[in-house]
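Participant: A single structure is presented below for examination.
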Amino acid sequence: MSLRGTKQSHRTGNRPARFAIATSFLLAMTKLFILGAMKRHEYCVYIITNKSNTVLYVGITSNLLSRISEHKHKIYKGFTAKYECNKLVYYEEYQWVHDAIAREKQLKAGSRQKKIDLIIVDNPEWKDLSDGWYD
């Protein structure tokens, strides 16, 4: 078997074959994405409060419906259960978890007034945005 005539270095490998494999892989992944076979991740950063709107809690979740239900039923005996925080007053959605985490940190580091201002823009009456979710 002769390698004469094939120009292949140890550094580049077989570029045409690798390119073809990569192209096939990308086409297959694109088809899966277009057909919806790949799950789109969604993450939420949220703010909940108590009945009198005196306590604010900022959290992050990949399942807002379930997480708010956990707060409402006091599944975990922590801050939100202790201070009766179960009213969803604000949330934002993100596709990438690192973006959601960065936003959660930003909100937690911000002042109470900044959180209140954010809530008032979208929910000036401080209504529970999860009302009707569990009917």
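No lab work stands behind these numbers, since they all come straight from the coordinates. What you are looking at is a predicted structure, and each value in this text was computed from that prediction instead of being measured. Cβ coordinates were reconstructed from backbone atoms using ideal geometry, including for glycine residues, and neighbour counts include every protein chain displayed.
Participant: Please sort by residue number the GluC sites (Glu not before Pro) in the range 59-131 whose DSSP state is loop and whose Cβ has at most 16 other Cβ atoms within 10 Å.
Facilitator: GLU84, GLU125
Participant: A further question follows. With a ≥ b ≥ c the root eigenvalues of the C-alpha gyration tensor of the range 43-122, is it rounded (a/c under 1.5), prolate (a/b larger than b/c) or oblate?
Facilitator: The shape class here is oblate.
Participant: For the range 60-135, state which chymotrypsin sites (Phe, Trp or Tyr not before Pro) are in a DSSP loop and have at most 13 other beta carbons lying within 10 Å of their beta carbon.
Facilitator: TYR76, TRP96, TRP133, TYR134
Participant: Please work out how much length the chain gains when fully extended from GLN95 to ILE75, using 0.36 nm per residue of separation minus the C-alpha to C-alpha distance, in nm with one decimal.
Facilitator: Gain on stretching GLN95 to ILE75: 4.6 nm.
Participant: Continuing with the same structure: Can you give the local net charge around LYS108? Use residues other than it whose beta-carbon is closer than 14 angstrom to its beta-carbon, Lys and Arg +1, Asp and Glu -1.
Facilitator: The answer is +3.
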